[in-house]
Amino acid sequence: MKRLFLALAFFLPICLSAQEVAVGLSAHQAQVGEPIQLMVTVRGARGAEIPQKLQVNGLQINLAGRSTQFEMRNFKMSSTLTYTYLVVPQIEGEFTIPSFEVKVEDKVFRTQAMKLAVSADPRAHPAPGYPQSSVPMPSDQPPVPSGEGEPFFADLILSKKKVFVGEVVPVELRFYFNSRIGGQVGERPTFGGEGFTVQKFSNAVKREQVVNGASYVVFSFQSAITAVKPGPLEIPEASLDARLQLPGQMPQGFDNFFGNLPIPQGMFTNNRDVTLKTKPAQMEVLPLPKEGRPEDFSGAVGKFTMEASVSPKKTAAGEPVTLRVVVAGQGNFEGMGAPVLTGEEGWRTYPPSDKFQSTDAVGFTGEKVFEFPLIARQDQTRTPGVRFSFFDPASEKFVVLTQDPLGVQAKAGGGAPSTPVPATAPAPGDTQPSSATPASTPDIAVMAGGAASWTALIVRREFLIANAALAVAWLAIALILIVRRFTRSRAGLEMARRKHLKDSFAALKKVEPGEFYEKARDHLVLRVSGGKDDLAALAGIEASRLSPELKHALLQILERHGESKYAAGGTPPPSVEERRAIMTTLKQLEASYEK
Amino acid sequence: MKSRQIVTVTLCFFVSMLAGADVLTDARTRFQDGEYEQAAKLFEQALDESPPGAAGFFELGRALTKSGQEARAALNYRRALVLDPRFAPAASALQAANVALGLPASRRTWQDRVVERIPLDALTLAGTVLFWVGAFVGLAAFFSQGVRGRRLFSGVVVLLFGGVLLLVVWLCDPRISLANSAMVLTNGGTSFLTSPAEQSEKIAALPQGTLLRVLSQRGRWFYGELPNGKKGWFLTEGIVPVIPPA
């Protein structure tokens, strides 16, 4: 066991310089006529004023006596006064013993109010509302603890000896220490065994109790066990470690030295590590009956109620609604499966999420909330119904709770909703609520809705590359269209013509002698008439403002070309001088057009 | 030779997928048996071995909730919501975890409302298509002959609409907005200080589960911003990014 010792010192004799008042009941449940004790403990004082009688209708409470204890530690004396009231229940019911005043010297303290449940039946009922013990604890156990008379002992208290498989049985472990013993106790007891499971232990509750006239401090731990298989069940001992300060003997020779001087009680103590153990117990575990077991029985054993609500009441197309089912009561919430939906045709249903809220320390009492996400396949005005079955050990019968469909206005969506299948693993014993629910639990990647990457699509590399490609395409097309438009414009055409002229003039320099007249004529026609024909070129030359000499030279070029082309026998190729003269004429023509 | 390598790689891939599925099945079985801590470890392993998925983080969060680790559960519910902001069960589980951690309810912003209603990847694609359709229609209209004003106007409008959709995605996608966000997982929370020194003045105490934005890092210290806009320093220990590092 984890050897973490509570820092709290747990007993009265621990040296206290400050005054303190505590109050406690020897039991919080009793039967009519069964007396119990109410103890008021006053520390650090020699006397106190307290009422002789407490007025509570249905309870008779009278001061029965007072005891004083002294302890000396580190040569400091401390005293503890214990006033004991006898409480005798007159009638059945739940009672609150109100707070009352305790006057210690010149100070006035107020005690805490306490609750007491009184039953007429020897099998006492739980005391709901009792702050530390809302778990029903047994009264069919011997009211007198097992180890009376011993300085310390332990008890295991089972609420039932005959249980069903899966039934949660509250248990309480009580560890008693005579109030004259000081020390520390372990944080949690050790408890467990085969054939049953144990819930987490509650925090230790400390109280004082009188057992056969002796005052004890009791540490009680609550938990619950669940039997997992039928047959006889042996509950092994539970143990708790403690380090005690036991009263010791005075050293040898001490009495000779001090002679007959009075030695205060508690002056000499021995530290001792002990392990308190409860006695083993037996239980009989019955199997759940087969007859009457509903097909959708989900393993819940206990006593439960069910409520359902839906929100929102009205949704847009394809939006989910949440059917909230609250199962409340006492039982095995941990092993409980989800309720099942009925009449869910027209709905897309998913396994519910669940959350358990316990109202006691051990998870026996509370409520479990199941939330079913629902999405309408067709427009809906009513939710599916809900059914929940459980086994009631008290009546030894299966009980089926049903919830009628609730009103809702849900519109069907256009396609499959992106709201994902909540990949909730069904709780133990879960039945699949609908055919729409996956029959098995497929891989996460298959079930997951939403994205499968931490990078948003808008910044993903592939997305950016695709957009960059589109941008390049757009720019390319834009460029092509711009170029095309320019080439078709007047400026574009002019530019093309100039380039053509330039090319044509440059070609004249390299042309073969036999083709010179032909190319010279082409260039001339292109320059003066835009490349039409000789007649247009003649007209162009005549209409131009060129000098008569230049006009004449140009006409000579046309004439020479005609001769070379049409004269019988042809004409010889131009001489170098003639060729130079024609080039000069054409240069002059270019120069005149440049002007 | 090359085809043999391809076959080997493919087989390895499928074997690893099957192994991942086994881990997941085991995790779910453990969860059903109430072994929540073990289930959480196996869910983490399964998530490590497969692509991230909202449902996977949700299941991990549930196991952590059951094992009493509310802050880590809240982190994983938030991760589920980052991957799928429309995952209603994760949203309600996160809300419950925040309540359990004692954190105040966060104010719903317009971005929250958008992401709850509209799938962002679809919105991204729609915005992209509209943007480029608008761009090409506008280009064609600009260079076309004759009456082109109406076509040009339509192209520009469609282009702008697509651009607005992409801007909305940019502002709303939690994978972008929470890219530098982190959560306090330190037991007992951490302190938000005016300077990177433990003795410096405390601006606020950040309880476990607090979400904040990390702006920069200096040694053991983060410089960050709270949702209310306050900026300060806090220790890097126990601060876990919402979006896991690659």
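Inspect region B:145-160 for any residue being within 27 Å of the chain's Cα centre (by Cα) and modelled with pLDDT of 90 or more and give the result as yes or no. Among the residues of region B:145-160, not one is within 27 Å of the chain's Cα centre (by Cα) and modelled with pLDDT of 90 or more, which makes the answer no.
Screening region A:296-363 for strands (runs of 3 or more DSSP E) wholly inside it with 1 or more residues that are surrounded by fewer than 22 Cβ atoms within 10 Å (Cβ to Cβ) and among the basic types (Lys, Arg) returns the ranges A:300-311, A:321-331, A:347-349, A:353-358. Condition first: under 21 Å from A:Thr359 (Cα atoms) and not in a loop (DSSP other than H, G, I, E, B). Now tell me which residues in region A:180-205 satisfy that. Passing the criteria: A:Thr197, A:Val198, A:Val205. Listed by position, the helices (runs of 4 or more DSSP H) contained in region A:504-595 that have at least 1 residues being in the same structural domain as A:Glu494 (by TED's automatic domain parsing) and hydroxyl-bearing (Ser, Thr, Tyr) are A:516-529, A:548-566, A:576-594. Residues in region B:211-233 that are in contact with a Pro (Cβ under 9 Å, 6 or more places away or on another chain) and not in a strand (DSSP E or B): B:Gly219, B:Arg220. Residues in region A:19-64 that are more than 17 Å from A:Tyr216 (Cα to Cα), small (Gly, Ala, Ser) and either outside the structural domain of A:Asp106 (by TED's automatic domain parsing) or part of a strand (DSSP E or B) (or both): A:Ala30, A:Ala64. Would you confirm whether or not region A:376-384 contains a residue that is crowded, with 17+ Cβ neighbours inside 10 Å, closer than 27 Å to B:Tyr36 by Cβ, in contact with a strand residue (DSSP E or B) (Cβ under 7 Å, 6 or more places away or on another chain) and not assigned by TED's automatic domain parsing to the domain that holds A:Ala224? No, region A:376-384 contains no residue that is crowded, with 17+ Cβ neighbours inside 10 Å, closer than 27 Å to B:Tyr36 by Cβ, in contact with a strand residue (DSSP E or B) (Cβ under 7 Å, 6 or more places away or on another chain) and not assigned by TED's automatic domain parsing to the domain that holds A:Ala224. Of all residues in region B:147-176, those being more than 12 Å from A:Ala456 (Cα to Cα) and outside any helix (DSSP H, G or I) number 2. Residues that are at pLDDT 85 or above and within 21 Å of A:Lys303 (Cβ to Cβ) occur in region A:75-98; there is at least one.
Yes or no, residue by residue, for (1) within 30 Å of B:Lys66 (Cα to Cα); (2) out of contact with any strand residue (DSSP E or B) (no Cβ under 7 Å at 6 or more places or on another chain); (3) of a type in the set (Ser, Thr, Tyr); (4) in a strand (DSSP E or B):
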residue	(1), (2), (3), (4)
A:Gly166	yes, no, no, no
A:Phe175	no, no, no, yes
A:Arg207	no, no, no, yes
A:Ile225	yes, no, no, yes
A:Asp241	yes, no, no, yes
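Is it the case, given these coordinates, that A:Ala117 is closer than 26 Å to A:Val301 by Cβ, small (Gly, Ala, Ser) and modelled with pLDDT of 80 or more? Yes. Which ones in region B:30-39 are assigned to a helix (DSSP H, G or I) and out of contact with any Lys or Arg (no Cβ under 8 Å at 6 or more places or on another chain)? B:Arg30, B:Gln32, B:Glu37, listed by residue number. When the test is whether a residue is surrounded by fewer than 21 Cβ atoms within 10 Å (Cβ to Cβ) and small (Gly, Ala, Ser), B:Ala91 passes it.
Checking each residue of region A:460-472 against the condition of being of a type in the set (Val, Ile, Thr), under 60 Å from the mean Cα position of the chain (by Cα) and more than 9 Å from chain B (Cβ to nearest Cβ) gives at least one match. Summed over region A:247-306, residues that are modelled with pLDDT of 85 or more, under 30 Å from A:Val165 (Cβ atoms) and among the hydroxyl-bearing types (Ser, Thr, Tyr) total 2.
Condition check ((1) within 16 Å of A:Ser592 (Cβ to Cβ); (2) within 14 Å of chain B (Cβ to nearest Cβ); (3) surrounded by 12 or more Cβ atoms within 10 Å (Cβ to Cβ)) across all residues:
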{"position": "A:Arg488", "(1), (2), (3)": "no, yes, no"}
{"position": "A:Arg498", "(1), (2), (3)": "yes, no, no"}
{"position": "A:Lys509", "(1), (2), (3)": "no, no, no"}
{"position": "A:Arg521", "(1), (2), (3)": "no, no, yes"}
{"position": "A:Asp533", "(1), (2), (3)": "no, no, no"}
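Within region B:13-25, one or more residues are under 23 Å from A:Lys355 (Cα atoms), modelled with pLDDT under 90 and not assigned by TED's automatic domain parsing to the domain that holds B:Val164.
How about region B:133-188: which of its residues are away from chain A (no Cβ under 11 Å) and closer than 30 Å to B:Gln217 by Cβ? Listed by number, the residues that qualify are B:Asn180, B:Ser181, B:Ala182, B:Met183, B:Val184, B:Leu185, B:Thr186, B:Asn187, B:Gly188. The criterion of being out of contact with any His (no Cβ under 6 Å at 6 or more places or on another chain), assigned by TED's automatic domain parsing to the domain that holds A:Gln31 and at pLDDT below 80 does not hold for A:Val169.
The values are calculated or read from the model by the stated rules, or taken from the named source; none is laboratory data. All values reported here derive from a predicted model rather than from experimental measurement. A quick note on method: Cβ atoms are made from the backbone with ideal geometry, for glycine too, and the neighbour counts reach across all protein chains shown.
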